[in-house]
Amino acid sequence: MKLLSVVVPCYNEEEVLPFFYKKINEISEKMIEKIAFEYIFVDDGSKDDTLQYIKKLAAEDRRVGYVSFTRNFGKEAAIYAGLEHSKGDYVVLIDADLQNPPEMIIEMYDSIIEGGYDSVAARRVTRTGEPVIRSFFSKSFYRVFNKISNTNLAEGASDFRLMTRQMVEVILAMKESNRFTKGIFGWVGFNTKWIECENVERIAGESKWSFLSLFNYAIEAIVDFSMLPLAIAGILGILFTVISFISLVIQIFGYMTLGHFKSNLSLLVSVILLIGGLQFFCIGILSEYVGRAYLECKHRPIYIEKEESSYDNDKSKN
Ligand code: UDP
Ligand code: MG
């Protein structure tokens, strides 16, 4: 029988995990004829009793495996670790907070089997319960990202996705440590089916995303997948060099006709300042890339594992 790995990144999710586990078990019951399940919970350095709860589950249910990090490495690292430890012929990535409805797994699996897709992913079409300003920035992000990068990102794309082992292996082979997984999913290609889903509120606990962290996430995405910001620096550089050159020519011309500079010192100073400021701006953009290249060169591990459960494929069939 084939195996489906359910990868669940968890950061301070003790309140929701019991609900999640109950729900995902119901789904595995429903799919019992089709496929066997294994669960990989990734404890991303939780400060509450998430790990204790997962360990308890692992002791009771042989299908449960876990990985625990030494500290919080972020959801992207948790996803990577989960995929790395999964053994299934298919892998589904799902949030612990039940915002990704587990019942959709059935539809996703059927689409892969019957539709011949490599992956099936969920896309949020409604944003009820989300602050208007956040929706606005989120929508703008997708628009900008798609314009300036070659990687296509469906609007409202979530990480909730079921994929084949082949796709998982490809994603694992991408060892970059600044990971924007949604972009990587798009970048690797493969045939993806998008399923629309409604926005559901968290059942308990709170979102780990602040406005600032989302903003940083957007910057990460753009710098990881687009070279346009670098090009902007170049374009601005050329533009201001040309402008300053023309202004210099005009002043020299004035000097030749009048015999002296019509000189406006304050104007000169402001031009110098403007150029200086822009140079800093350009260097700032460059440094984003240089900084990342530097990190990438270090080949830092994506996460440092403290412990993991040991189990094997046969046991997972329960
Ligand atoms: N998560 C994680 N590490 C983090 C932040 C979040 O593993 O540093 C997990 C979290 O436990 C949840 C999922 O990623 O299962 C989505 O997080 P959250 O619900 O906070 O994000 P939102 O749904 O608000 O986008
Ligand atoms: Mg959530």
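Provide the net charge surrounding Ile203, with neighbours chosen by a C-beta distance below 14 Å and charges set as Lys +1, Arg +1, Asp -1, Glu -1. List each step's numbers first, then the result.
Values: positive: Lys22, Lys23, Arg202; negative: Glu13, Glu14, Glu15, Asp95, Asp97, Glu201, Glu206.
Here the count lands on -4.
Let me cross-check Phe245: its accessible surface, 1.4 Å probe, with only protein heavy atoms counted, in Å² to the nearest 10?
Rounded to the nearest 10, that gives 140 Å².
Ranked highest first by average number of other Cβ atoms within 10 Å, how do 89-97, 149-157 line up?
89-97, 149-157
Per residue of the stretch 91-96, what does 6.51 cos²θ - 1.76 cosθ + 1.60 with θ = phi - 60° give for ³J(HN,Hα)? Whole Hz please, x for Gly and Pro, Karplus curve as stated.
Karplus-based 3J(HN,Hα) across the stretch 91-96 equals 10, 10, 9, 8, 6, 7 Hz.
Please sort 72-78, 103-109 by packing, taking for each peptide the average over its residues of neighbouring beta carbons within 10 angstrom, highest first.
Ranked by mean Cβ neighbours within 10 Å, highest first: 72-78, 103-109.
Keeping the other protein chains in place, figure out the carbon and sulfur percent of the accessible area of the stretch 1-65, with a 1.4 Å probe.
50
Mind checking the angle between helix 75-85 and the chain's longest principal axis? C-alpha axes, 0 to 90 degrees, to the nearest 10.
Around 40 degrees separate the two axes.
Accessible area per residue, 1.4 Å probe, Å², for the chain: what's the number?
Details: 16950 Å² over 318 residues.
Spelled out: the 1.4 Å probe surface of the chain, per residue, equals 53 Å².
If Met1, Met167 are ordered by their accessible area, calculated over protein heavy atoms with a 1.4 Å probe, which sequence runs from highest to lowest?
Met1, Met167
Between Lys193 and Ala59, how many nm apart are label points set 7 Å from Cα along the C-beta direction?
Result: 4.1 nm between the two label points.
Can you tell me what share of the DSSP beta bridges in the chain is antiparallel? A percent to the nearest 5 is fine.
30
In the P(r) worked out for the stretch 143-258, what percent of Cα pairs fall beyond 22 Å?
More than 22 Å apart: 56 percent of the Cα pairs in the stretch 143-258.
Can you find, among Ala221, Phe245, Phe190, the residue sitting farthest towards the positive end of the charge dipole of the chain, where Lys and Arg contribute +1 and Asp and Glu -1 at Cβ?
Selected residue: Phe245.
What part of the accessible area of the stretch 125-274, given as a whole %, is carbon or sulfur when the probe is 1.4 angstrom?
69
Using only the alpha carbons, work out the radius of gyration and Dmax of the chain in angstrom.
Cα radius of gyration and Dmax of the chain are 25.4, 95 Å respectively.
If you plug each phi of the stretch 204-221 into the Karplus form 6.51 cos²θ - 1.76 cosθ + 1.60 with θ = phi - 60°, what whole-Hz ³J(HN,Hα) values come out, in order, with x for Gly and Pro?
After applying 6.51 cos²θ - 1.76 cosθ + 1.60, I find 7, x, 9, 5, 8, 9, 9, 4, 5, 5, 5, 4, 4, 4, 5, 4, 3, 4 Hz.
Expressed as a whole number of Å, what is the distance separating the alpha-carbon centroids of the stretch 154-169 and the stretch 60-110?
Measuring centre to centre over Cα atoms gives 12 Å.
Can you show me the helix-derived [θ] at 222 nm for the chain, built from DSSP H runs with n ≥ 4 at -39,500 (n - 2.57) apiece and divided by the number of residues, rounded to the nearest 500.
-16500 deg cm²/dmol
Given that compact globular proteins tend to follow 2.2 N^0.38 Å, what is the ratio of the alpha-carbon Rg of the stretch 23-178 to that value?
Cα-based Rg divided by the globular estimate yields 1.12.
The values are calculated or read from the model by the stated rules, or taken from the named source; none is laboratory data. For clarity, every value in this text was computed on a predicted model and none was experimentally measured. Note that we place each Cβ from the backbone using ideal geometry, even for glycine, and neighbour counts take in every protein chain shown. For the accessible areas, the whole protein counts, side chains as well, though only heavy atoms, and no ligand, DNA or RNA atoms are used. Shrake-Rupley method; radii C 1.70, N 1.55, O 1.52, S 1.80 Å.
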